[in-house]
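Reviewing the structure listed below.
The values are calculated or read from the model by the stated rules, or taken from the named source; none is laboratory data. In this text, all values refer to a predicted model and were calculated from it rather than measured experimentally. With ideal geometry, Cβ positions are generated from the backbone for all residues, glycine too; neighbour counts draw on all protein chains shown.
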């Protein structure tokens, strides 16, 4: 048994599972960036618009462009009340559909490790951002147990099922991020870890949110019912609840930021 490739084509399911985690990490990320209001932003790999909405609420941008390869995700992003005024379009992170120096800031929120050629993606961010502008990203620490769905992945590994990884998992490492940013000629490069915690009303709440999207849902569908039930029980054992039945645990992301040099 092997896990299928990671795909996010259902905006609603993504929002229920990963979107909440993204928002938690995004809050810390934006605190770290501390951007000025009125900036022109591009959100690359915007997906369901979870980070775009946070960006618009927190940063009062003068222009917000969201780019993603998945039209179903973009369709969901356009329905979010908090993204009114943002423009969403299909696009490739390695060939952005914008002219040079178009933006004040470019971000990849949980995206850099999905880019087949991360160096090319960073170079594209630097191309479309003006000199003195900001290039930043954060990504789950998938190679060191930081992924939000780690309780599920750990149990799959125990069954001998290798985890589904994005195309460029090494790009989630702090040292690789720094190398990518410096290799693109960015200045004042900084990195940091982001630790977040999420609570679920009970195990059923966790289970429904965590198995709604990504690679786990089709994998569970392939399991015989008895195996799937046993798997669920083993995951439950990894997540002890408090006296009220709530389950709380954490995830970890790595982040990087840099400034576009004067050309």
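May I ask you to say which residue of 154, 139 is closer than 26 Å to residue 216 by Cβ, touching a strand residue (DSSP E or B) at 6+ places or on another chain (Cβ under 7 Å) and touching a residue at least 60 places away in the same chain (Cβ under 8 Å)?
Only one candidate passes the filter, namely 139.
Residues that are out of contact with any strand residue (DSSP E or B) (no Cβ under 7 Å at 6 or more places or on another chain) and not in a loop (DSSP other than H, G, I, E, B) were ranked within segment 91-113; the one that is surrounded by the fewest Cβ atoms within 10 Å (Cβ to Cβ) is 95. Any residue in segment 114-127 that is surrounded by fewer than 24 Cβ atoms within 10 Å (Cβ to Cβ), in contact (Cβ under 8 Å) with a residue 12 or more places away in the chain, under 12 Å from the mean Cα position of the chain (by Cα) and not in a loop (DSSP other than H, G, I, E, B)? Yes.
Exactly one residue out of 163, 151 is in contact with a helix residue (DSSP H, G or I) (Cβ under 9 Å, 6 or more places away or on another chain) and either crowded, with 22+ Cβ neighbours inside 10 Å or in a loop (DSSP other than H, G, I, E, B) (or both): that is 163. The set of residues in segment 199-214 being exposed (fewer than 14 other Cβ atoms within 10 Å of the Cβ) and in a helix (DSSP H, G or I) consists of 204, 208. Filtering segment 4-15 down to residues that are surrounded by 17 or more Cβ atoms within 10 Å (Cβ to Cβ) and outside any loop (DSSP other than H, G, I, E, B), which residue is modelled with the lowest pLDDT? My answer is 11.
With respect to (1) crowded, with 20+ Cβ neighbours inside 10 Å; (2) part of a loop (DSSP other than H, G, I, E, B), the lone exception for residue 37 is condition (1). For segment 55-85, residues that are surrounded by fewer than 20 Cβ atoms within 10 Å (Cβ to Cβ) and either more than 23 Å from residue 120 (Cβ to Cβ) or touching a helix residue (DSSP H, G or I) at 6+ places or on another chain (Cβ under 7 Å) (or both) total 15. Pairs linking a residue in segment 62-87 that is touching a residue at least 24 places away in the same chain (Cβ under 8 Å) and on the phi > 0 side of the Ramachandran plot to a residue that is assigned to a helix (DSSP H, G or I) and surrounded by 19 or more Cβ atoms within 10 Å (Cβ to Cβ), with Cβ atoms under 9 Å and 6 or more positions apart or on different chains, are 85/56. Only residues that are within 14 Å of residue 152 (Cα to Cα) and more than 19 Å from the chain's Cα centre (by Cα) were counted across segment 206-226, and they come to 5. Look at segment 237-263: where a residue is loosely packed, with under 12 Cβ neighbours inside 10 Å and a partner is part of a strand (DSSP E or B) and modelled with pLDDT of 95 or more, sitting 6+ places away or on another chain with Cβ atoms under 6 Å, you get 262/131; 263/131.
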